[in-house]
Amino acid sequence: MQLSFSEFSIDSETLELNVDGDCLAIDERNMTLLVMLAERYPDHCSKQECLDLIWQDTVVSDMSLSKLVSDTRKLFCKAGYQGPLIQTVHGRGYRLEHQLGKQLFAKTEIELERQASSEPESHSHSISNERRSQVRRETDRDVIETLKNQDSHQGLDTSLDKNAPKKLISQPTVWELLAKALIALLLILGLFFQFWLGEGSNSEAKKQLAYSEPHNAVGRVLWVDDHPENNLVEKAYLEQQNIGIYNTVTSEEALMLLSMYHYQAVISDMGRHGDSLAGLKLLQAIRAKGNKTPFYLYTYVESPGLVDAVSESGGQGVVVDSESLYQLLLADIAAEN
């Protein structure tokens, strides 16, 4: 089976990836994953479906699938393809990115129209038209959903462009405002409670924090991501290096923890909870408080606009692969120790 897109093509028979005329061998499992996602588009493949089809008669964990997806993205990046590839459907599985899916859909439309022009009117032709309409509706629905939830790296340069049109922002409801006010009040009360308890309470809190660290931990890393399940492979590796990893899902929690504890580094995703620039805003807030903890943005695509924005805001860099992330973190921890 051969799948052709505007920037690359893959051949499941020869196990080859072709990017701009350059051929690269691709592993059978990487190929199986991509073909499976292409066949299921616009639907997603659940994690269990992927595990059952890619590792037949072999029992593996979700971490193996996460690593395979990560390795596939890296393989295409090294081959010279910098565009979107695999979308993570959080809590459910994976889907072919909608830009590639639209290309597949367009080719399917052409094939169906070609078949229709060469066949007489029939019941089967009516079914084909009905199926095309259904696929079009499903595609439009998934494209809208993807655009709402996609990470900021797919639109960062536009977001940073002062001349770009402003996005419409829905006004918060009264209940949302009350909920935010209540959360802020609880955070303030929590901080007052910490100060009121004094040094004894801080010592106890630090003991609780250290409880989840390896007994011979060499450092601590604060990881800010609203979907920490996407980083299980990296977290497991760093913990094997005796590094304590502390996850939080909001910038507010991260700022509070940074005011209470010392970390050797902060890792953040870019888009969180509908804010496509959450990671960059967190970096700016950290530096505004005078905190100089090394900060890394961990994402899929490294664009010039993103690199410049992070550097100008006082960050240490944008990282797109786990190996580079490991080297940077280990160097920071070694320098401090």
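The values are calculated or read from the model by the stated rules, or taken from the named source; none is laboratory data. Please read all numbers here as calculations on a predicted model, not as lab measurements. Ideal geometry is used to build each Cβ from the backbone, glycine not excepted, and the neighbour counts take in all protein chains shown. Ligands, DNA and RNA are excluded from the accessible area calculation, which covers all protein heavy atoms including side chains. Shrake-Rupley method; radii C 1.70, N 1.55, O 1.52, S 1.80 Å.
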Is there a residue in the range 52-62 that is in contact with a Gly (Cβ under 8 Å, 6 or more places away or on another chain) and over 17 Å from residue 79 (Cα atoms)? no
In the range 5-14, residues that are closer than 17 Å to residue 74 by Cβ, of a type outside the set (D, E, K, R) and open to solvent by 20 Å² or more (accessible area, probe 1.4 Å) total 0
Scan the range 292-337 residue by residue and report those that are open to solvent by 30 Å² or more (accessible area, probe 1.4 Å), closer than 17 Å to residue 82 by Cα and either charged (D, E, K, R) or not in a strand (DSSP E or B) (or both). 300, 301, 302, 304, 307, 320, 321
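To keep it simple, each residue is scored yes or no on (1) open to solvent by 80 Å² or more (accessible area, probe 1.4 Å); (2) within 22 Å of the chain's Cα centre (by Cα); (3) basic (Lys, Arg).
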| residue | (1), (2), (3) |
| --- | --- |
| 3 | no, no, no |
| 20 | yes, no, no |
| 28 | yes, no, no |
| 35 | no, yes, no |
| 43 | no, yes, no |
| 49 | no, yes, no |
| 62 | no, yes, no |
| 73 | no, yes, yes |
Would you mind stating whether residue 237 is among the aromatic types (Phe, Trp, Tyr) and touching a residue at least 40 places away in the same chain (Cβ under 8 Å)? yes
I'd like to know if the range 251-258 contains one or more residues that are under 30 Å from residue 94 (Cβ atoms), open to solvent by less than 30 Å² (accessible area, probe 1.4 Å) and in contact with a Lys or Arg (Cβ under 9 Å, 6 or more places away or on another chain). yes
When both residues are 6+ apart or on different chains and their Cβ atoms are under 7 Å apart, which pairs have a first residue that lies in the range 301-327 and is in contact (Cβ under 8 Å) with a residue 24 or more places away in the chain and closer than 14 Å to residue 270 by Cα, and a second that is of a type in the set (Asp, Glu) and open to solvent by 40 Å² or more (accessible area, probe 1.4 Å)? 303/157; 305/157; 320/302
Quick check, is residue 276 under 20 Å from residue 66 (Cβ atoms) and either touching a residue at least 12 places away in the same chain (Cβ under 8 Å) or out of contact with any Lys or Arg (no Cβ under 9 Å at 6 or more places or on another chain) (or both)? no
Search result, residues across the range 266-278 that are assigned to a strand (DSSP E or B) and surrounded by 23 or more Cβ atoms within 10 Å (Cβ to Cβ): 266, 267, 268
Looking across the range 279-291 at residues that are in contact (Cβ under 8 Å) with a residue 12 or more places away in the chain and assigned to a loop (DSSP other than H, G, I, E, B), the single one that is most open to solvent (accessible area, probe 1.4 Å) is 289
Checking residue 59 against (1) among the aliphatic types (A, V, I, L, M); (2) at pLDDT 85 or above; (3) not in a helix (DSSP H, G or I): exactly one of these is not met. Which one? (2)
